[in-house]
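The values are calculated or read from the model by the stated rules, or taken from the named source; none is laboratory data. The structure displayed is predicted, hence computed values, not measured ones. Methodologically, a virtual Cβ is constructed for each residue, glycine included, from the backbone with ideal geometry; neighbour enumeration extends over all protein chains shown. SASA here: full protein model, heavy atoms, side chains in, ligands and nucleic acids out. Shrake-Rupley method; radii C 1.70, N 1.55, O 1.52, S 1.80 Å.
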Amino acid sequence: MYVYADNAATTAMSQVAVDAMMPYMMTVYGNPSSLHSVGQEAKEALENARATVAQCLGCEPREIIFTSGGSEADNQAIRSAAYYGARKNKKHIITTAFEHHAVLHTLAKLEKEGFEVTYLDVRQGHTITAQQVKDAIREDTCLVTVMYANNEIGSILPIAEIGAVCKKHGVLFHTDAVQAVGHVPIDVQAMHIDLLSLSGHKFGGPKGVGALYMKKPLRLPALIQGGGQEKGHGGGQEQGVRSGTENLPYAVGLATAARRMEKTFDARAAHVAALNARLRAGLAGLDVVLNSPADAVSEVLNFSTMRVKSETMLHYLEQTKVYVSSGSACSRGAASHTLAAMGLEPRRIDTALRVSFCAENTEADVDALLNGLEQGLKTLAQLR
């Protein structure tokens, strides 16, 4: 047995999602675009999945576009919104300095294409304020893109307040909610969100599938072109926004996992919050520094040992069959840009660890982690 506490990187698939997917891999395998009964049976399942995701977000089914994951959804939302703004001579975008690289790298590409990006400062804390967004909006601002919950430290940004500011100023608002969906309540209408990205494997669904919420009547340019009848808008699939035959089994798996998270939200939230509190209490006796705020999502807790480099401690914990991370899995061991954006000192960044829970973790898991960490600090600190 081992302790897996790297759920912010990916979660295990829930059994209900696996069971729901199997018929659409083996028996109901038609193309949803086919006009015969086999295809229409697949189409019905796809639309049921779409309706389920929409219900979880508080929107209409026609506002959900299935994608290959959160990164594609981010790219689709940001690039198409930017090009939409450029048609009106608006080429200014607002974001934060600690967004996921799927957002930051997309914005860097747009900067090379002549767009101007304002990166809001997070050095004064773990988040930004709606006032910062308001102060940064200009006449030529076409988009505000701000993550819902930070994937490394778990801080929750004031999405509803930012959404209200954007609505008042007539600016499109996108949020990367990959680390938030399933973990915090979301209502895209009440929060004035125009575009939202999510990914199935962050809450018990399969890898390789995500979704983009796109508020109607907003219609953004397609990025993936293909065959079909809607010239200039792709192949017709996903309302002309995302060409290619839909991945029906994975869409069903994502929707099933999302519904499970919604139905069990209260029980899961209480359990994970208790695990987070237990870990915080245990860390208090190990002389470490917490990087996550007290009001972060309970699933994520980031801290710095200040004595042992992250990679060294990770390998030590792995020997005890305890698996955590040093930050985003997409960074592949690189120094955390999130902690750097917060203005933390190099030693604090170099010794940071991220623990991320799911509802299947137990108190015994927390105790095993704390024991491994305590022994690791005693052993490795002496080898410096």
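Backbone geometry of the range 60-75 corresponds, through the Karplus equation with coefficients 6.51, -1.76 and 1.60 at θ = phi - 60°, to 3J(HN,Hα) couplings of 8, x, 5, 9, 9, 10, 7, 10, 7, x, x, 5, 5, 4, 4, 4 Hz, x marking Gly and Pro. For GluC sites (Glu not before Pro), the sites in the range 110-183 that DSSP calls loop and that have at most 10 other Cβ atoms within 10 Å are Glu139.
What you get for the range 283-384, charging only the Cβ of Lys and Arg (+1) and of Asp and Glu (-1), is a dipole of about 520 debye around the Cα centre.
What translational diffusion coefficient, to the nearest whole µm²/s, does the chain have by Stokes-Einstein, given a Kirkwood radius computed over alpha-carbon pairs, a temperature of 10 °C and 1.306 mPa s viscosity?
Numbers: Rh = 21.6 Å.
So the translational diffusion coefficient is about 73 µm²/s.
Cross-linked pairs Lys168/Lys263; Lys112/Lys216; Lys263/Lys321; Lys91/Lys167: Cα-Cα separations exceed 24 Å for Lys168/Lys263; Lys112/Lys216; Lys263/Lys321. 3J(HN,Hα) along the range 2-10: 9, 9, 9, 10, 10, 6, 6, 6, 6 Hz, from the Karplus curve 6.51 cos²θ - 1.76 cosθ + 1.60 with θ = phi - 60°, whole Hz, x for Gly and Pro.
Mean residue ellipticity at 222 nm, helices only, the chain: -12000 deg cm²/dmol; runs of at least 4 DSSP H residues each add -39,500 (n - 2.57), and the sum is divided by the number of residues. Centroid-to-centroid, using Cα positions, the range 244-282 and the range 54-111 are 23 Å apart. If a spin label sat at a point 7 angstrom from the Cα of Glu116 along the line to its beta carbon, the backbone N atoms of the range 82-101 nearer than 19 Å would be those of 82-97. Just Gly163, Gly343, Gly205 to compare: in a GNM of the chain, with alpha carbon springs under 10 Å, which one fluctuates most? In the Gaussian network model the winner is Gly343. Spin-label model, Ser37 to Arg87: label points 7 Å out along the Cα-to-beta-carbon direction sit 4.2 nm apart.
Modelled label positions at Ala190 and Asp367, each set 7 Å beyond Cα in the direction of Cβ, lie 3.9 nm from each other.
Can you pull the percent of the chain's accessible area that's carbon plus sulfur, 1.4 Å probe, other chains left in place? All intermediate terms of the calculation are to be shown ahead of the outcome.
On the way: 8700 of 16540 Å².
Reported share for carbon and sulfur atoms: 53 percent.
Distant-in-sequence amide contacts of Gly244, defined by a placed amide H-H separation under 5 Å and a gap of 5 or more residues or a different chain, comprise Gly235, Gln237. Derived scalar couplings between HN and Hα for the range 253-269 equal x, 4, 5, 5, 5, 5, 5, 4, 4, 5, 5, 10, 4, 4, 5, 5, 4 Hz in order, rounded to whole Hz, by the Karplus curve 6.51 cos²θ - 1.76 cosθ + 1.60 (θ = phi - 60°), x for Gly and Pro.
With 0.36 nm allotted per residue and the present C-alpha distance subtracted, the Lys109-Glu360 stretch has 86.5 nm of extension available.
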